[in-house]
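Here's the structure, in structure tokens; my notes come after.
Derivation of every value follows stated rules applied to the coordinates shown; laboratory data play no part. Quantities reported herein were computed from a predicted structural model and do not represent experimental measurements. A quick note on method: Cβ atoms are made from the backbone with ideal geometry, for glycine too, and the neighbour counts reach across all protein chains shown.
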Amino acid sequence: MKVIIDDKIPYIREAIAQVADQVMYLPGSAITAEDVRDADALIVRTRTRCNRALLEGSRVQFIATATIGFDHLDTEYLRQAGIRWTNCPGCNAGSVAQYLRSSLLLLSQEKGLPLSHSTLGVVGVGHVGTLVAEVGKELGMRVLLCDPPRAERGEQGFLPLEELMREADVITFHTPLVRDGHYPTLHMADDTFFHALARKPIIINTSRGEVVDGQALLRALDEGRVCEAIIDVWENEPDIDLRLLERVYLGTPHIAGYSADGKANATRMVLEALCNHFGLQGHSFAITPPPAPAGADPCNPLSLYNPWRDSQALKENPSDFEFLRGNYPLRREYV
């Protein structure tokens, strides 16, 4: 079995050697049709577009993406071609929740956000949104949840987006990127959204860049319809809008889910899925990240992770977007 793997996926080399005869590691954005022609499986991240152009004529039968999102996979083409695929739902939910906790604490300390007297609106309540809602409650915030697909299924506790737009002091997005259908999320936060806001909230996006219209957000910031913004995911990555980067309170290079714990979860999940697909029995993948850096205090979340450092690194060198992602330092969720 030959497997092509994005060379930035950590903790995988020793484990994959148990099951694959031949492995090739390549930069995710540089994987070509020639590379995959004689491969049986791909293990990728968001930078590899898995579509007809890449896969037609290859012998690939299985793709695992070590990410929650899968909008980089042309799932309709994969279905037509008979190529099985899987993602890693929930793998980095704890990491994104950590990012939100630290960001909210910074907003409290540096911008005076009164957490115990503020309302957090969570848009998209899957694995990540559920943990983010728990973080908000732990910090003493009133939490409102919006998830139209879950509400349509008859689940309770969800409010229309319009209610969050009226009542929330912080609105955070945790939806997949959906371009059509009943509940599209492409440019969910657009000019119409920002003009309808009632409380000049803080906007946070750690989902997909295209969920928030960057130009509309920039106008909303300039016009005072939004008081602050924290953006981890961007339209047109890595060629992001430098004006928006300069304007936001925190701007980070798509690393909210990049804790070592989240990466280890994803690696384990893709390896298990690979073995399940190919009927490889008897393999166990216990992946333990390195210890937390010295000085991390479990009683001080900002000592364990402070997103300001990631924001400063990107603002000082925005052209290093991909480098900062690909060479991200060790970050643990726990000591």
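Within the stretch 282-312, being assigned to a helix (DSSP H, G or I) and either among the acidic types (Asp, Glu) or under 19 Å from the mean Cα position of the chain (by Cα) (or both) holds for 307, 308, 309, 310, 311. Scanning the stretch 275-295 for residues that are touching a Phe, Trp or Tyr at 6+ places or on another chain (Cβ under 9 Å) and more than 19 Å from residue 92 (Cβ to Cβ) gives 275, 277, 278.
Among the residues of the stretch 184-235 satisfying the criterion of being closer than 22 Å to residue 101 by Cα, among the charged types (D, E, K, R) and touching a strand residue (DSSP E or B) at 6+ places or on another chain (Cβ under 8 Å), which is surrounded by the most Cβ atoms within 10 Å (Cβ to Cβ)? Among them, the one singled out is 232. The helices (runs of 4 or more DSSP H) found entirely in the stretch 137-243 include none that carry 3 or more residues being without any contact (Cβ under 8 Å) to a residue 12 or more places away in the chain and either of a type in the set (Ser, Thr, Tyr) or touching an Asp or Glu at 6+ places or on another chain (Cβ under 6 Å) (or both). Give me the residue from the stretch 100-156 that is surrounded by fewer than 18 Cβ atoms within 10 Å (Cβ to Cβ) and basic (Lys, Arg) and, out of that set, farthest from residue 230 (Cα to Cα). The extreme case among them is 153.
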